[in-house]
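I have placed the structure first, in the form of C-alpha coordinates, so that the comments after it can refer back to it.
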Amino acid sequence: MEIQSSNTFSQDVSALAKADDKKENGPIGPQVAELAHAKNAAKAELRLNAKLLESAPEVTVNAGNNPQALVLKTAIEGINEALQ
(Lines give C-alpha, C1' and ligand atoms only; values in the text may rest on other atoms or scores of the structure.)
Protein backbone atom coordinates (compact mmCIF):
# COMPACT_ATOMS: atom_id res chain seq x y z
CA MET A 1 0.00 0.00 0.00
CA GLU A 2 1.32 3.45 -0.90
CA ILE A 3 1.42 5.93 1.99
CA GLN A 4 1.37 9.68 1.37
CA SER A 5 4.06 11.60 3.18
CA SER A 6 1.76 14.57 3.84
CA ASN A 7 -0.18 12.53 6.41
CA THR A 8 0.68 12.45 10.08
CA PHE A 9 2.19 9.33 11.60
CA SER A 10 -1.12 8.30 13.16
CA GLN A 11 -2.94 8.80 9.87
CA ASP A 12 -0.39 6.62 8.09
CA VAL A 13 -0.73 3.84 10.70
CA SER A 14 -4.51 4.06 10.52
CA ALA A 15 -4.37 3.80 6.73
CA LEU A 16 -2.18 0.70 7.01
CA ALA A 17 -4.61 -0.89 9.46
CA LYS A 18 -7.60 -0.17 7.21
CA ALA A 19 -5.94 -1.18 3.94
CA ASP A 20 -7.79 -3.69 1.79
CA ASP A 21 -4.57 -5.49 0.85
CA LYS A 22 -3.21 -5.91 4.40
CA LYS A 23 -3.84 -9.66 4.38
CA GLU A 24 -1.79 -9.98 1.19
CA ASN A 25 1.06 -7.88 2.61
CA GLY A 26 1.26 -9.76 5.92
CA PRO A 27 1.64 -8.15 9.34
CA ILE A 28 1.76 -4.35 9.41
CA GLY A 29 4.32 -4.24 12.23
CA PRO A 30 7.35 -3.88 9.94
CA GLN A 31 5.58 -1.18 7.95
CA VAL A 32 4.70 0.72 11.14
CA ALA A 33 8.32 0.43 12.28
CA GLU A 34 9.49 1.83 8.94
CA LEU A 35 7.09 4.77 9.31
CA ALA A 36 8.35 5.39 12.86
CA HIS A 37 11.97 5.38 11.70
CA ALA A 38 11.13 7.81 8.90
CA LYS A 39 9.33 10.08 11.37
CA ASN A 40 12.29 10.03 13.76
CA ALA A 41 14.74 10.73 10.94
CA ALA A 42 12.66 13.70 9.83
CA LYS A 43 12.58 15.05 13.39
CA ALA A 44 16.35 14.64 13.70
CA GLU A 45 16.87 16.54 10.45
CA LEU A 46 14.62 19.35 11.66
CA ARG A 47 16.56 19.56 14.93
CA LEU A 48 19.84 19.69 13.03
CA ASN A 49 18.53 22.43 10.74
CA ALA A 50 17.36 24.41 13.77
CA LYS A 51 20.77 24.06 15.45
CA LEU A 52 22.51 25.22 12.28
CA LEU A 53 20.22 28.22 11.99
CA GLU A 54 20.79 29.08 15.65
CA SER A 55 24.56 28.85 15.35
CA ALA A 56 24.92 30.80 12.10
CA PRO A 57 24.40 34.27 13.65
CA GLU A 58 26.81 33.41 16.48
CA VAL A 59 29.51 32.53 13.99
CA THR A 60 28.89 35.71 12.02
CA VAL A 61 28.82 37.98 15.10
CA ASN A 62 31.76 36.36 16.85
CA ALA A 63 33.87 36.16 13.71
CA GLY A 64 34.19 39.91 13.21
CA ASN A 65 37.15 40.56 10.93
CA ASN A 66 38.54 37.09 11.51
CA PRO A 67 39.86 35.58 8.25
CA GLN A 68 38.06 32.33 9.05
CA ALA A 69 34.67 34.05 9.02
CA LEU A 70 34.24 33.63 5.28
CA VAL A 71 35.26 29.97 5.46
CA LEU A 72 32.80 29.25 8.27
CA LYS A 73 30.01 31.15 6.53
CA THR A 74 30.61 29.23 3.30
CA ALA A 75 30.65 25.92 5.16
CA ILE A 76 27.36 26.66 6.93
CA GLU A 77 25.72 27.75 3.70
CA GLY A 78 26.93 24.58 1.99
CA ILE A 79 25.56 22.40 4.80
CA ASN A 80 22.22 24.20 4.70
CA GLU A 81 21.99 23.73 0.93
CA ALA A 82 22.83 20.05 1.24
CA LEU A 83 20.09 19.56 3.83
CA GLN A 84 17.43 21.16 1.65
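The values are calculated or read from the model by the stated rules, or taken from the named source; none is laboratory data. Keep in mind that what you see is a predicted model, and the values were worked out from it rather than measured. All Cβ positions, even for glycine, are placed from backbone atoms using ideal geometry, and neighbour counts span all protein chains on display.
Every residue in the range 54-71 that is touching a helix residue (DSSP H, G or I) at 6+ places or on another chain (Cβ under 8 Å) and either polar (S, T, N, Q) or modelled with pLDDT of 75 or more (or both), please.
First pass over the range 54-71, keeping only residues touching a helix residue (DSSP H, G or I) at 6+ places or on another chain (Cβ under 8 Å): 55-56, 59-60, 63, 69.
The answer is 55, 60.
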Checklist outcome for this item: Cβ pairs under 6 Å, 6+ apart or interchain, first in the range 17-46 and among the aliphatic types (A, V, I, L, M) and surrounded by 10 or more Cβ atoms within 10 Å (Cβ to Cβ), second part of a loop (DSSP other than H, G, I, E, B) and at pLDDT below 80, ordered by first then second residue, are 19/1
